[in-house]
Amino acid sequence: MIGSTTVLLLTAVFLGLLNYFSVYYMGVLSQSAITGLRNKLYHQIIQLDTHFFESSKTGDLMTRLTGDVSNLQNLISSNMLSIIGNFFYFYRCLGLYFLR
């Protein structure tokens, strides 16, 4: 018979592995999404009229684009996974509360 300490240790290892893979795949997903967004922005900017580039400062455009993409990258980070998990945890607790 397996002891409770062994079960606890195996559970901790299993949860650690799940956490590792979820953070890893969320990172891959977020980097993929940001790369796609940057590519779309680049192609959109390239198609703009030359008058737009003559009337706008290059530094302002670059600052705006990199700042906006950086903000979105922070939003899609692994914190998003914990927010989604907490959302489901909240509704699960709420459901258990009303079932009792």
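The values are calculated or read from the model by the stated rules, or taken from the named source; none is laboratory data. In this text the structure is predicted, and so the values were computed from the model without any measurement. Reconstructed Cβ throughout: ideal geometry from the backbone, glycine too, with neighbour counts over all protein chains shown. Surface accessibility is based on the protein's heavy atoms, side chains included, excluding ligands, DNA and RNA. Shrake-Rupley method; radii C 1.70, N 1.55, O 1.52, S 1.80 Å.
Here are a few things to note about the model shown:
- Under the condition of being open to solvent by less than 70 Å² (accessible area, probe 1.4 Å) and either in contact with a helix residue (DSSP H, G or I) (Cβ under 9 Å, 6 or more places away or on another chain) or assigned to a helix (DSSP H, G or I) (or both), the residues counted in segment 24-51 number 9.
- Residue in segment 63-72 that is modelled with pLDDT of 85 or more, open to solvent by 90 Å² or more (accessible area, probe 1.4 Å) and assigned to a helix (DSSP H, G or I) present: yes
- Any chance L9 is open to solvent by less than 100 Å² (accessible area, probe 1.4 Å), part of a helix (DSSP H, G or I) and either of a type outside the set (D, E, K, R) or in contact (Cβ under 8 Å) with a residue 12 or more places away in the chain (or both): no
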